[in-house]
Each structure stands twice: as C-alpha cells, then as structure tokens.
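Step one of this worksheet: look at the structure below.
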Amino acid sequence: MQARRGRRVPAPVRIVVPLPLALRSANAWLFPGRQPALVDCGIGTPEGHAALMAGLSAAGVRPGDVRLLVTHGHIDHAGNAAALQRQGAVLRAPREETLFVETFRRDAARRHAAFARALAQHGCPPEAVAAAQARAERIDTWMEDTAIVEDLRDGDRVLLGDTEATAHHTPGHTPGSTMYLTADNDLLTGDTLLEHITSNAIELVDRDHGRYAQYLRSLDGLRRFVGCRALPGHHDAFQVTDALLDGHVGKHQRRSAKVLSHLDRPKTAWQLLPEVLPHLAHDQVFLGMCEVVGHLHHLEIEGKAKAIDAGGVRTFVRH
Ligand SMILES: [Zn+2]
C-alpha cells in the first residue's frame, strides 16, 4: 500500500442508488477532494436520480464539479450520466463502452431485434420473447444517450478526489468493463467482481460468442488484486482474497458442469434454462438465457459440446 505522505485523504463515500431490478441497489462511489470524482452514477429512474443528488449534496459536492468515470455502460452504472453532464460534469468511459453509452437509445430498436432473434433461435417461445422485449424496452428508458468526453484505456492514470488511480481493463461482463485501482489499494470493481454474486457475461447473440470465456480469463487475472479492498458496483465493500476468487471460479465451474450434465440429448438453451436455473424469477429470463448460452458457447470453445442448427433453432449436445 502506498503511503499517503502525511496528507489526509478523504475516504470514498458510498452513495446507494435504489434499483427497480433484482439487485435492489447500485453504488456510486464519490471521491471528494480537489478533483471530486464519481465512479458510476446509478440508474436514471426518478428515485435513482434523487438518491444520487442527495448523496452528492450530503457530501457538499456540486454535481457540475464532478468528474464521472464509469466502470461500464450498463444503465444501473451510467444511467444518470446525461443528467450530471447537463449540470456540467465531465464524463469519462472505457473506450470499448463509448459507442454503447452514446447510442444506447438510438440503437435500442436494432439491439432489441437482435436479442429477440437470438432468443427465438435458442428456443424461446414467442410469448417469452415478447415479455423479455417489453421488459427491456421499459428498462431502456432509464438511461439517455450521453456523449463521452474522454475515452479511458487500460493503464490510464486518473485522479479520484485526492487519490491517483489506474484503469485496469477487465473485459467480459461487458467488452470495456474496467476497474480502477487507487493508490490506497481500493479497487472499484463495477460488476466484474461482486462478493456474493457471480457476474453474467450477457452473452446471447452470436456476435458476442466467447465473451463469457473472456470474462473467465479476466477473473483469473484478478489474482493480482488480492489484498485490495473492493468497492463494488453493488452492495457492501469487501476484501479481495484468494478464497473469494477460488469460490467464484468454483461456482462457474460447477454451473458449467451442470449444463454439460444435462446435455444427454440435444437441447436448446430454453430447454436447459429450468434445469440449470430452477429458481429463476420470471422477469429474469433474459439474464438466465444469457447465463446458459454463455456456458454453452464456452463448452463449445472447450470442445465439450457442439451446436446443431436446424429449422431456425439451435440445439446443443455433448461432443
Ligand atoms: Zn453491469
């Protein structure tokens, strides 16, 4: 850990932003100081926006003075970026996330159509596809297209309050997912590393084939952060330990083995969904399908399963 050279560095402030989603809340981490900075900014619902503004106000920080950095472009992390920007805040984002954030709403129809096609291809019945699409269209209203002022790349140095930090590109959850490691060994993990939840690589359309495999490589690379304090995108701070990483890797491996064990005959991802994730809530079908498809693609990459396309539907079978 780097010495603070006698300076008193203000501790990062956790602003809890409520979510109308299964995770319940997201964190915006405020670093007060000579260059006030926010890492992530929560979802852009009226309640989310109000919670963020109340948190900034309680810390005595004006929204327009903030430099906003996002760990990735998802709505529960970048949803208030446009509102902050209108008040004068400067937005920085990992360069692989910029197109997503800048064209989120403009690109929505194409994105939803691509997801709907992929869900149908993986065996989802039309009513399940329509329900997932309706839910996505509602969720999409909680973020606006937002111009990124500065791109961030792996290794870039940034100032968070009074603390220097380094950007670490850890792709998988999204293509540009980035962690920020401060000189005080605080690690802003976004959704790449959570304490009790294994991350989902949102791998569904063929274009994203291999993203889950990429996530697993990133997870493996997180060993270099053992000993840091994680300030995650959701829920409480925690220590990064070998045991925690082992636990996450083990969960991924067990789920992968479970998917493979159910491939006793050709099955679609939709058929596997209740076998692999029996307790899935009905509004979590999209994320559940991404989870199963991610595992199936990874089993393909490992040579343990193969895909069979017939009649517009894709099944998988043990190889
Ligand atoms: Zn996310």
Only residues that are exposed (fewer than 13 other Cβ atoms within 10 Å of the Cβ), within 24 Å of ILE301 (Cβ to Cβ) and in contact with a His (Cβ under 9 Å, 6 or more places away or on another chain): list them for the stretch 193-220, please. none
Being within 13 Å of the ligand (Cβ to nearest atom) and either under 11 Å from VAL293 (Cα atoms) or in contact with a strand residue (DSSP E or B) (Cβ under 9 Å, 6 or more places away or on another chain) (or both) is the filter here; which residues of the stretch 204-228 pass it? ARG211
Residues satisfying the stated conditions in the stretch 37-65, i.e. surrounded by fewer than 23 Cβ atoms within 10 Å (Cβ to Cβ) and in contact with a Leu (Cβ under 7 Å, 6 or more places away or on another chain): GLY55, ALA59, VAL61, PRO63
Go through (1) among the β-branched types (Val, Ile, Thr); (2) buried (at least 20 other Cβ atoms within 10 Å of the Cβ); (3) over 13 Å from HIS49 (Cβ atoms) one by one and return the number of the condition THR103 breaks. (2)
Can you name every residue in the stretch 136-182 that is open to solvent by 50 Å² or more (accessible area, probe 1.4 Å), within 29 Å of PRO46 (Cβ to Cβ) and either in contact with a His (Cβ under 9 Å, 6 or more places away or on another chain) or within 16 Å of the ligand (Cβ to nearest atom) (or both)? GLU137
Being modelled with pLDDT of 95 or more, away from the ligand (no atom under 16 Å from the Cβ) and among the aliphatic types (A, V, I, L, M) is true for just one of ALA93, ALA59, ALA78. Which residue is that? ALA59
If you check GLU195 against the conditions, is it among the charged types (D, E, K, R) and within 14 Å of the ligand (Cβ to nearest atom)? no
May I ask you to list pairs of residues, at least six apart or on different chains, whose Cβ atoms are under 8 Å apart, with the first in the stretch 282-298 being farther than 16 Å from GLY172 by Cα and at pLDDT 95 or above and the second being small (Gly, Ala, Ser) and buried (at least 24 other Cβ atoms within 10 Å of the Cβ)? MET289/ALA269
Condition met for THR189 (open to solvent by less than 10 Å² (accessible area, probe 1.4 Å), closer than 19 Å to VAL249 by Cβ and within 16 Å of the ligand (Cβ to nearest atom)): yes
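The values are calculated or read from the model by the stated rules, or taken from the named source; none is laboratory data. Quick caveat, the model's predicted, so the values are computed rather than measured. Heads up, the Cβs are rebuilt from the backbone with ideal geometry, glycines too, and the neighbour counts pull from every protein chain shown. SASA here: full protein model, heavy atoms, side chains in, ligands and nucleic acids out. Shrake-Rupley method; radii C 1.70, N 1.55, O 1.52, S 1.80 Å.
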